[in-house]
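This report refers to the structure that appears directly beneath it.
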Amino acid sequence: MPADIAFELNGRAASVQADPDQTLLDVLRNTLGLKATRQGCALGQCGACRVMLDDYAVYACETPMWSVAGKQVTTLEGLGSPEAPHPLQTAFIEEQALQCGYCTSGILMTAAALLKRSPHPSRQDIQEALAGNLCRCGVHNRVIKAILKVAS
């Protein structure tokens, strides 16, 4: 049975009619039209769907809508803009830390959540935070370099 679920989305009040057990990923992509959050494995194993829920990176494919009520959700669309990119977005471009781009939004959101909680993480902290994000293109070293650049 659909319910009205209110939360903050990318800094603005939002409310959707959704089944409380529907996934955040489904609502973001199919109800709200926010396509930067990708569906990868749909099992919470690849990280392509990661978004920030309050200050933590979560798998949107595993996050039921009932759990976002009253909380802050940030997607890549809310991280920065073409006119004012987030420092991570700038660093990823400068360090060429993306190739096909499929995993990039999840990696950026994971890194943003880490930096929000820990502004100066170590290389090991970054590696641990990104352990749930898969990238088949092999740009891991450049991703870490970009995050360290923002953290310094």
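The values are calculated or read from the model by the stated rules, or taken from the named source; none is laboratory data. Predicted model only: the values in this text are computed from it and were never measured. Positions of Cβ are generated from backbone atoms using ideal geometry, with glycine treated the same way; all protein chains shown enter the neighbour counts.
Please go through segment 15-30 and give me each residue that is small (G, A, S) and in contact (Cβ under 8 Å) with a residue 40 or more places away in the chain, ordered by number.
Step one: list which residues in segment 15-30 are small (G, A, S), which gives 15, 18.
If the condition is that a residue be small (G, A, S) and in contact (Cβ under 8 Å) with a residue 40 or more places away in the chain, then A18 is the only one that fits.
Please work out if M65 is buried (at least 19 other Cβ atoms within 10 Å of the Cβ) and farther than 23 Å from K149 by Cα. Before you say what the answer is, go through the steps one by one.
Working: buried (at least 19 other Cβ atoms within 10 Å of the Cβ): yes; farther than 23 Å from K149 by Cα: yes.
Considered against the rule, which asks whether it is buried (at least 19 other Cβ atoms within 10 Å of the Cβ) and farther than 23 Å from K149 by Cα, M65 comes out as yes.
Would you mind stating whether L53 is outside the structural domain of C137 (by TED's automatic domain parsing) and more than 27 Å from S152 (Cα to Cα)?
Values: outside the structural domain of C137 (by TED's automatic domain parsing): yes; more than 27 Å from S152 (Cα to Cα): no.
Spelling it out, it is not the case that L53 is outside the structural domain of C137 (by TED's automatic domain parsing) and more than 27 Å from S152 (Cα to Cα).
With respect to the numbered conditions (1) at pLDDT below 95; (2) touching a helix residue (DSSP H, G or I) at 6+ places or on another chain (Cβ under 9 Å); (3) more than 22 Å from E128 (Cα to Cα), which one is the sole condition not fulfilled by C100?
Against the list (1) at pLDDT below 95; (2) touching a helix residue (DSSP H, G or I) at 6+ places or on another chain (Cβ under 9 Å); (3) more than 22 Å from E128 (Cα to Cα), C100 comes up short only on (2).
Examine segment 116-129 for a residue that is among the polar types (S, T, N, Q), under 17 Å from the mean Cα position of the chain (by Cα) and not assigned by TED's automatic domain parsing to the domain that holds L25, and state whether such a residue exists. Break it down stepwise before answering.
Narrowing segment 116-129 to residues among the polar types (S, T, N, Q): 118, 122, 124, 127.
This time we only want the ones that are under 17 Å from the mean Cα position of the chain (by Cα), so: 118, 127.
Those left that are additionally not assigned by TED's automatic domain parsing to the domain that holds L25: 118, 127.
The answer is yes, given that some residue of segment 116-129 is among the polar types (S, T, N, Q), under 17 Å from the mean Cα position of the chain (by Cα) and not assigned by TED's automatic domain parsing to the domain that holds L25.
Just need a number here: residues in segment 64-84 that are outside any loop (DSSP other than H, G, I, E, B) and of a type in the set (D, E, K, R). Steps first, please.
At the first step, the residues of segment 64-84 found to be outside any loop (DSSP other than H, G, I, E, B) are 64-68, 72-74, 76-79.
From what's left, of a type in the set (D, E, K, R): 77.
Number satisfying all stated conditions: 1.
May I ask you to say which residue of C46, C61 is in contact (Cβ under 8 Å) with a residue 40 or more places away in the chain and either in a loop (DSSP other than H, G, I, E, B) or in contact with a Phe, Trp or Tyr (Cβ under 6 Å, 6 or more places away or on another chain) (or both)? Break it down into steps so the answer makes sense when it comes.
On the way: C61 fails: in contact (Cβ under 8 Å) with a residue 40 or more places away in the chain.
Selected residue: C46, the only one of C46, C61 that is in contact (Cβ under 8 Å) with a residue 40 or more places away in the chain and either in a loop (DSSP other than H, G, I, E, B) or in contact with a Phe, Trp or Tyr (Cβ under 6 Å, 6 or more places away or on another chain) (or both).
Among the listed residues D4, D21, which satisfies the condition of being in a loop (DSSP other than H, G, I, E, B) and either among the basic types (K, R) or at pLDDT 95 or above (or both)? Before you say what the answer is, go through the steps one by one.
On the way: D4 fails: in a loop (DSSP other than H, G, I, E, B).
Result of the check over D4, D21: D21.
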